[in-house]
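The values are calculated or read from the model by the stated rules, or taken from the named source; none is laboratory data. Everything numeric in this text was worked out from a predicted model, so none of it was measured. Neighbour counts are summed over all protein chains in view; Cβ atoms, including those assigned to glycine, are modelled from backbone coordinates with ideal geometry.
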Amino acid sequence: MGKASGILRVAAAEVGYLEKASNAGLDSKTANAGSNNWTKYGKWYGLNGPEAYWCHMFISWCAAQSGNAGTIPRTASCYNGKDWFAERGRFHLRAAYTPRAGDVVYFSTRQYPNGGGHVGIVEKVENGYVYTIEGNTSGASGVVANGGGVARKSYPLGYPSIYGYGNPKYEQEEPDMTEAQTRAIAKEEANKMQPKRYREVSDMPEYMRADMQVLIDEKVLTGKGGSEADKGLDLTEDMARMLIMMRRMID
């Protein structure tokens with residue numbers, strides 16, 4: 001199981017790919033461009049040529065390349081893809097759902113209603129629009145269900161041709177840290193780099209206290225003067241250990 005960010009990286013890298021005129025140059029983005037539905041996505045799927053409408057093959061290919069083969073179905077059919085999500089309780093009609101990045105958006109067309117006409121993947125949702133990456137489309141406005149390339153598109157969230165969304169069960173993304181969390185970690189790391197200082201005998205580990213109290217009683221240690229905040233022994237752990245060691249050697 002992969003992450004939504006993974007499939008979006010793969011899909012974004014394919015923007016600009018053009019279908020081919022024949023079964024040649026399939027892996028090149030622009031070589032042998034034509035309008036016969038020959039693509040590397042069809043080669044991967046096992047269905048290529050003039051009748052191989054490849055919008056869902058593109059989505060399934062992106063899923064497979066990003067470790068998401070189990071979260072998005074391998075199919076060439078928008079109806080099959082939509083039903084696959086519905087059977088798992090992960091399909092939502094447009095009017096009842098706000099899409100998320102990584103969702104699979106299903107479009108209706110006059111020839112193929114109820115989400116069977118075209119498909120894309122949601123890249124982001126912003127300011128009342130859903131932004132997608134789609135295969136077998138073009139950069140022209142509206143749903144282009146057999147457009148010959150991979151392109152970025154955008155639609156109002158209420159766009160009538162959007163039938164609904166499949167919501168893949170991706171691996172959860174790690175949330176970004178807040179500024180406060182980042183500062184707290186930085187402070188903790190900085191404190192680790194600074195030696196701990198003891199102001200009172202009670203601040204010290206148990207094994208040091210008896211020896212340190214003797215040094216104080218014998219006036220070997222008098223502490224610091226000054227303001228209330230500055231008063232105290234002000235010893236690092238290494239300094240305290242050295243004093244205890246010297247006392248024991250003298251004894």
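Of the residues 20, 3, 29, 40, only one is basic (Lys, Arg) and in contact (Cβ under 8 Å) with a residue 24 or more places away in the chain; which? Reasoning before the result, please.
Details: 20 fails: in contact (Cβ under 8 Å) with a residue 24 or more places away in the chain; 29 fails: in contact (Cβ under 8 Å) with a residue 24 or more places away in the chain; 40 fails: in contact (Cβ under 8 Å) with a residue 24 or more places away in the chain.
3 is the lone residue from the list that is basic (Lys, Arg) and in contact (Cβ under 8 Å) with a residue 24 or more places away in the chain.
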Qualifying positions in region 77-100 - buried (at least 20 other Cβ atoms within 10 Å of the Cβ) and either under 18 Å from residue 2 (Cα atoms) or small (Gly, Ala, Ser) (or both): 81, 85
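Taking region 202-215 as the region of interest, how many residues are under 50 Å from the mean Cα position of the chain (by Cα) and part of a helix (DSSP H, G or I)?
5
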Candidates 150, 130, 105 - the one that is buried (at least 24 other Cβ atoms within 10 Å of the Cβ), touching a Leu at 6+ places or on another chain (Cβ under 7 Å) and on the phi < 0 side of the Ramachandran plot: 130
Residues located in region 34-61, provided they are surrounded by fewer than 17 Cβ atoms within 10 Å (Cβ to Cβ) and of a type outside the set (D, E, K, R): 34, 35, 46, 47, 49, 50
Some residue of region 45-57 being hydrophobic (A, V, I, L, M, F, W, C) and either outside the structural domain of residue 138 (by TED's automatic domain parsing) or within 26 Å of the chain's Cα centre (by Cα) (or both): yes
Residue list for region 96-121, restricted to those being in contact with a Phe, Trp or Tyr (Cβ under 8 Å, 6 or more places away or on another chain), within 19 Å of residue 69 (Cβ to Cβ) and aliphatic (A, V, I, L, M): 104, 119
Residue within region 172-195 that is surrounded by 13 or more Cβ atoms within 10 Å (Cβ to Cβ), in contact with a helix residue (DSSP H, G or I) (Cβ under 9 Å, 6 or more places away or on another chain) and touching a residue at least 40 places away in the same chain (Cβ under 8 Å) present: no
